[in-house]
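The values are calculated or read from the model by the stated rules, or taken from the named source; none is laboratory data. Note that the coordinates shown come from a computational prediction; the quantities given were computed from them, not determined experimentally. Using ideal geometry, Cβ is built from the backbone for each residue, glycine included, and neighbour counts are taken over all protein chains shown.
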Amino acid sequence: MIQKIKIGNNVALGVNLELPNANLIVIRAKKGYIMCGYLNTETANRLGDIAATVTNVKNFDDVLSAKVVEVSEKAKENGIKEGMTGKEALEKMF
């Protein structure tokens with residue numbers, strides 16, 4: 001499923017791919033993205049991406065309300081921290 005997600009005055013693009021055992025979910029903003037635990041921060045760091053990870057999520061609402069558990073180095077430079085909600089992190093990615 002692909003869906004536009006309104007965050008304040010901005011719009012992000014969410015992708016939710018249903019896999020056999022869990023969903024792979026990414027919400028992309030203008031500068032970066034929130035990802036589920038299927039993807040990894042090591043790759044985001046290697047590529048210089050602004051990225052944050054949330055876990056135990058099944059849908060876009062879960063991603064927005066979940067606490068960020070890991071952030072890339074570029075995300076840290078942009079004020080994104082572990083413990084923020086996914087929504088708070090996304091707001092800093094526009």
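So which of G79, G37, G83 is modelled with pLDDT under 95 and either touching a Gly at 6+ places or on another chain (Cβ under 7 Å) or not in a strand (DSSP E or B) (or both)?
Numbers: G79 fails: modelled with pLDDT under 95; G83 fails: modelled with pLDDT under 95.
None of the other options fit; the residue is G37.
What's the total number of residues in region 32-48 that are surrounded by 21 or more Cβ atoms within 10 Å (Cβ to Cβ) and of a type in the set (F, W, Y)? Walk me through it before giving the result.
Taking region 32-48 as the starting set, the residues that turn out to be surrounded by 21 or more Cβ atoms within 10 Å (Cβ to Cβ) are 32-36, 44.
When the remaining residues are screened for being of a type in the set (F, W, Y), the result is 33.
Of the residues in that region, 1 qualify.
Could you list, in sequence order, the residues of region 1-39 that are touching a strand residue (DSSP E or B) at 6+ places or on another chain (Cβ under 8 Å) and either over 20 Å from D61 (Cβ atoms) or β-branched (V, I, T) (or both)?
Listed by number, the residues that qualify are I2, I5, V11, V15, I25, V26, I27, K30, K31, I34.
Going through V63, V26, V57 one at a time, which residue ends up being in a loop (DSSP other than H, G, I, E, B) and among the β-branched types (V, I, T)? Even if it seems obvious, please write down each step before you answer.
Working: V63 fails: in a loop (DSSP other than H, G, I, E, B); V26 fails: in a loop (DSSP other than H, G, I, E, B).
Sole residue among the options that is in a loop (DSSP other than H, G, I, E, B) and among the β-branched types (V, I, T): V57.
Out of A51, A29, I need the residue that is closer than 17 Å to A89 by Cβ, surrounded by 15 or more Cβ atoms within 10 Å (Cβ to Cβ) and touching a Lys or Arg at 6+ places or on another chain (Cβ under 8 Å). Which one?
A51
When region 1-22 is examined, which residues are found to be surrounded by 12 or more Cβ atoms within 10 Å (Cβ to Cβ), in contact with a helix residue (DSSP H, G or I) (Cβ under 9 Å, 6 or more places away or on another chain) and at pLDDT below 95? Can you show your working first?
Filtering region 1-22 down to residues surrounded by 12 or more Cβ atoms within 10 Å (Cβ to Cβ) leaves 3, 5, 7, 10-17, 22.
Pick out the ones that are also in contact with a helix residue (DSSP H, G or I) (Cβ under 9 Å, 6 or more places away or on another chain) and you get 3, 5, 7, 10, 12, 14, 16.
Matches in region 1-22: I7 only.
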